[in-house]
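A.B. asks: I'd like to ask you about the structure that follows.
The values are calculated or read from the model by the stated rules, or taken from the named source; none is laboratory data. For clarity, every value in this text was computed on a predicted model and none was experimentally measured. Ideal geometry is used to build each Cβ from the backbone, glycine not excepted, and the neighbour counts take in all protein chains shown. Surface accessibility is based on the protein's heavy atoms, side chains included, excluding ligands, DNA and RNA. Shrake-Rupley method; radii C 1.70, N 1.55, O 1.52, S 1.80 Å.
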Amino acid sequence: MSASSTLVKFPGPGCIIEYMQGNKPQIAWVQEEQSGRLRLFTQSKREIKLAAARVLPWAGPQYGPDKSRQEALDLLNEHEDRRSRKIAALNPMELWELAQGELPAATAQWFAELLQESPDVDDIAAMGRMLLDCKTHFKFTPPDFEVYDAEKVEQRMLEQEAKRKREQLASAGHDFLRALWDTHQKKRTPPASPEDPALAADIEALLRKRIAEPDDHESEQLWKQISKGLPDVPHLPLLLAQAWGILPAHHNFHLDKAGYDTAQDWYAPYIDAVDELKERVLAVRKEPDPRPFISIDSATTRDIDDAFHIEVRADGGCRLRLAIACPALGWQFGSELDKAVMRRATSIYLPEGDLHMLPEELGTDFFSLLAGEERPSMIMEFDISPAGEVEASAVHAGWVKLAANLNYVDCEAVLNEDFGWDDADNPAAAFAGQLRAGAKLTRTLINRRVENGAVVIDRPDPKTVLEGEGADVRVEIEHDSPTPASSLLVSEMMILVNSGIALWAKERGIALLHRTQDVGVPKEYAGIWDEPHDIARVVKALSSAVLETTPRKHSGIGVAAYSPVTSPLRRYPDLVNVAQLLHYLGTDAPHWTTEELDAMLPLLGARLDAAGQVQRFRPRYWKLLFFKQKGDKVWWDAVITDENDAFVTVSLPDQQIFVRGRRSGFGERTHPGTRIMVRIGKVHPLNNEIQILDVMEQ
């Protein structure tokens, strides 16, 4: 075999060259060269054309141009075999150890010369192929190979391992997901989990990732590979996870999307911080205010964050004191505990249970205004005229010891003087004077708000009750005894505090977080609305409230400014505002500037929105399941609230849910306010789908 053993710079006819195709070097015989283009003969006996620039920098050896096709093929096979055998003898790690730190890049020939004094073309080509294949340690930038440093090598090896695992997951996981889908569709026994625990864990992690972040770009390609051939249905990862049994029936995927930790011990990593917080608070204990403060909440409420005491003045006015729970005392903003609480942003109350913003031992015990227990508090005082006008206000920090934790039902009995209201077993009877004074005040306050343009929505609040467990759960919608007077007493006092403190802070230049709704509302919309069609009409005029640092009006509530402070155990903005006030009272300066509060808003707003989605859609899921379980033969009372040429929207007042139906299914004389009966069907709770099947005039 007569040929040059050195590299060929300009390959011509009779030269053996290599080029990249399919991410792999291919060997070929040059038959012709013309104007930078080569005509090649390959090992597969094909002829192809190739730009000379694509030839790898280890061309050779050079043979004569007079070889027959068979002779050329024999030579290609011979050199291919020789190069393959030489590659097997190379150790890329040893080469990297020799080169790393010596120079940033070198040719394949330089690397070959590290191992032998006069390498031939096959030695160099074998070296080049090996370097091309070792992408974790070398990068080919023709004609050189860049030598990665140790840090880059570690990164590349991690990436390579991740890629290998993705490919394994896509290959092995596809059949398993197909079996899970068959389980879901045909209600079969679920398949056995993959034998490899790591593979099973990776599949589970991917399903959970797609449930929580369905639009995640990082996992999208892998998901497309592993779910190829499965139907593109809503919530497919959730359905597969439920078929596998790793998630229960009726799993609350909204919490996954919100990233809201549902574990009872979510604050376990911060338990030392919780204990230290308690110690800081107890170290500054004061004698509690001697006045008999009382709270009014639902009978099951444990996170009690507001209470009141009212004294009637001789002129018919009153002095109202509101005690607000004070978890801000000793709170370390910026700590890991604080970051975890801010991520929760708000407590969430669902039919299946409550999720508290604060660690439960803080929110439902240590800081909760439990009767008979000394608790730190922010106390706000208001002198109010007989006409409901705030004449003076003051704020101070202190401690309280509530006289009683009352509930709405007992207080309502006292206010209505229901039969037996003053029995010994009604704890609210002992505070009848305060309750009646408070009720009188709050009637005045709501009238003033309406005069100022408030749009007050008064609608029933049905209770969704779950019975049973897992797939066997049954849903009922019940109505508790109405408590309009005691509910109004609490809500108006909270509005008074939140609006009053906003103005108090504004006068002193204290930046706070405000809920604003600065929109123009038609005068005729001011009032108290309780009919579904009226509520739907006036709500259209109101935009969503905005959390911001500028104290502007809240049109819907009918106040000049509104800064939430009354629920610091349940909402992070309230915790921030109470902390701001507490710092001002102690140092005569706020904790944060306006700019610092503004910087807090993007993250806080996003977390509040995420939790708000859970609070909005999860109760609706249970209501849809209620209708599904009742079947499509039941007729339900409804009121038309809106209509257009295509659709009619109705409200089911007893269940507090809106449903839309096609206009063609309704009579010609239907209009907002018309009372009808409807049959409901084609309900799919998971997909938030519900349809009106039939309509009948009442």
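A.B. asks: Summing +1 for each Lys or Arg and -1 for each Asp or Glu, what net charge is found among the other residues whose Cβ lies under 12 Å from the Cβ of Lys630?
C.D. replies: Counting the neighbours of Lys630, the net charge comes to +3.
A.B. asks: OK, next. Dividing the Cα convex hull volume of the stretch 72-131 by residue count, how many Å³ per residue is that?
C.D. replies: Spread over its residues, the Cα hull of the stretch 72-131 gives 75 Å³ apiece.
A.B. asks: While we're here: No solvent, one uniform scatterer per C-alpha: report log10 I(q)/I(0) for the stretch 3-46 via the Debye equation at q = 0.15, 0.30 1/Å, two decimals.
C.D. replies: -0.38, -1.18
A.B. asks: Okay, moving on. Can you give the direction-averaged projected area of the convex hull of the alpha-carbon atoms in the chain, in nm²?
C.D. replies: The orientation-averaged projected area of the Cα hull of the chain comes to 45.9 nm².
A.B. asks: Per residue Cα convex hull volume for the stretch 335-408, in cubic angstrom? Walk me through the numbers before you get to the answer.
C.D. replies: On the way: hull volume 13.3 nm³, N = 74.
Enclosed volume per residue, from the Cα hull, is 180 Å³.
A.B. asks: Would you tally the net charge around Val490, using a Cβ to Cβ cut-off of less than 10 Å, leaving Val490 out, and scoring K and R as +1, D and E as -1?
C.D. replies: Value of the local net charge: -3.
A.B. asks: With N set to the number of residues, divide the alpha-carbon radius of gyration of the stretch 265-346 by 2.2 N^0.38 Å and report two decimals. If you can, show how the numbers build up before the last one.
C.D. replies: On the way: Rg = 17.2 Å, N = 82, 2.2 N^0.38 = 11.7 Å.
Rounded to two decimals, the normalised Rg is 1.46.
A.B. asks: Same structure, new question: With the cut-off at 18 Å, tell me which of the pairs Lys187/Lys209; Lys506/Lys553; Lys86/Lys139; Lys633/Lys682; Lys165/Lys224; Lys286/Lys339 have Cα atoms farther apart than that. It would help to have the intermediate numbers written out before the result.
C.D. replies: On the way: Lys187/Lys209 25 Å; Lys506/Lys553 12 Å; Lys86/Lys139 21 Å; Lys633/Lys682 12 Å; Lys165/Lys224 15 Å; Lys286/Lys339 29 Å.
Violating the 18 Å Cα-Cα cut-off are Lys187/Lys209; Lys86/Lys139; Lys286/Lys339.
A.B. asks: Enumerate the whole-percent occupancy of each 10 Å bin, from 0 to the last occupied one, for all C-alpha pair distances of the stretch 346-471.
C.D. replies: 10, 22, 36, 27, 4, 1
A.B. asks: What's the extension gain from Arg319 to Gln116 if we count 0.36 nm per residue and subtract their Cα-Cα distance? It would help to have the intermediate numbers written out before the result.
C.D. replies: Values: separation 203, 0.36 × 203 = 73.08 nm, distance 9.86 nm.
Full extension of this stretch gives 63.2 nm more.
A.B. asks: Sticking with this structure for a sec: Is there a quick way to get the dipole size of the chain? I mean about its Cα centre, with the Cβ of Lys and Arg at +1 and of Asp and Glu at -1; what is the value in debye to the nearest 20?
C.D. replies: 2200 debye
A.B. asks: Over the stretch 580-691, what is the mean sequence separation of C-alpha contacts under 8 Å (at least six apart), divided by residue count, expressed as relative contact order in percent?
C.D. replies: 24 percent
A.B. asks: Remind me, relative contact order of the chain in percent, using alpha carbon pairs under 8 angstrom and six or more residues apart?
C.D. replies: On the way: 1213 pairs, mean separation 61.4, N = 698.
Over the chain, the number comes to 9 percent.
A.B. asks: I would also like to ask the following. Could you order peptides 488-494, 73-79 by the average number of other Cβ atoms within 10 Å of their residues, highest first? It would help to have the intermediate numbers written out before the result.
C.D. replies: Numbers: 488-494: 20.6, 73-79: 16.3.
Highest to lowest by the protection proxy: 488-494, 73-79.
A.B. asks: When the expected Rg is taken as 2.2 N^0.38 Å, what fraction or multiple of it is the alpha-carbon Rg of the stretch 29-89?
C.D. replies: In units of the globular-protein estimate, the stretch 29-89 measures up at 1.17.
A.B. asks: OK, next. Please provide three numbers in whole Å: the alpha-carbon extents of the stretch 14-162 along the principal axes, with the largest listed first.
C.D. replies: Largest first, the stretch 14-162 extends 50, 31, 27 Å along its Cα principal axes.
A.B. asks: Skipping prolines and chain starts, which residues have an amide H placed within reach, meaning under 5 Å, of the one on His137, given they are 5 or more residues away or on another chain?
C.D. replies: none
A.B. asks: Cα-based Rg of the stretch 197-339 per 2.2 N^0.38 Å, rounded to two decimals?
C.D. replies: Numbers: Rg = 24.9 Å, N = 143, 2.2 N^0.38 = 14.5 Å.
Rg over 2.2 N^0.38 Å, computed on Cα atoms: 1.71.
A.B. asks: Given an 8 Å cut-off on Cα distances and at least 6 residues of separation, report the relative contact order of the stretch 546-615 as a percent.
C.D. replies: Over the stretch 546-615, the number comes to 22 percent.
A.B. asks: Still on this structure: Give me the log10 of I(q) over I(0) for the stretch 567-698 at q = 0.17 Å⁻¹, as the Debye formula computes it from C-alpha points; what are the numbers?
C.D. replies: -0.87
A.B. asks: By average Cβ neighbour count within 10 Å, what is the ranking of 388-401, 649-662, 459-472 from highest down?
C.D. replies: The most tightly packed comes first, giving 649-662, 388-401, 459-472.
A.B. asks: Ranked highest first by average number of other Cβ atoms within 10 Å, how do 297-303, 511-517 line up?
C.D. replies: The densest-packed peptide leads the list: 511-517, 297-303.
A.B. asks: What is the projected area of the convex hull of the Cα atoms of the stretch 98-190, averaged over all directions, in nm²?
C.D. replies: Computing the convex hull of the Cα atoms and averaging its projections yields 9.0 nm².
A.B. asks: Using only the alpha carbons of the stretch 151-275, determine the length spanned along each of the three principal axes and report them from longest to shortest in whole angstroms.
C.D. replies: 52, 45, 29
A.B. asks: Further, regarding this structure: Find the eigenvalues of the gyration tensor of the Cα atoms of the stretch 514-612, then list the square roots of 5 times those eigenvalues as equivalent ellipsoid semi-axes, largest first, in whole angstrom. Intermediate values should be presented prior to the final figure.
C.D. replies: Values: eigenvalues 180, 45, 31 Å².
For the stretch 514-612, the semi-axes come out at 30, 15, 13 Å.
A.B. asks: Roughly speaking, to the nearest percent, how much of the chain's 1.4 Å accessible area is carbon and sulfur?
C.D. replies: 48 percent
A.B. asks: For the stretch 448-507, what is the convex hull (Cα atoms) projected area averaged across all directions, in square nanometres? If you can, show how the numbers build up before the last one.
C.D. replies: On the way: hull surface 28.1 nm².
That works out to 7.0 nm², a quarter of the Cα hull's surface.
A.B. asks: Separate question: Filter the cross-link list Lys186/Lys228; Lys186/Lys623; Lys24/Lys152 down to pairs whose alpha-carbon distance in this structure exceeds 21 Å.
C.D. replies: Lys186/Lys623; Lys24/Lys152
A.B. asks: Please compute the net charge surrounding Leu358, taking Lys and Arg as +1 and Asp and Glu as -1 over other residues with Cβ under 11 Å from its Cβ.
C.D. replies: Numbers: positive: Arg344, Arg570, Arg571; negative: Asp303, Asp305, Asp338, Glu360, Glu361, Asp365.
Combined, the nearby Lys, Arg, Asp and Glu give -3.
A.B. asks: Given Cα positions, please report Rg to Rh for the stretch 404-559, the hydrodynamic radius being the Kirkwood one.
C.D. replies: My calculation puts Rg/Rh at 1.05.
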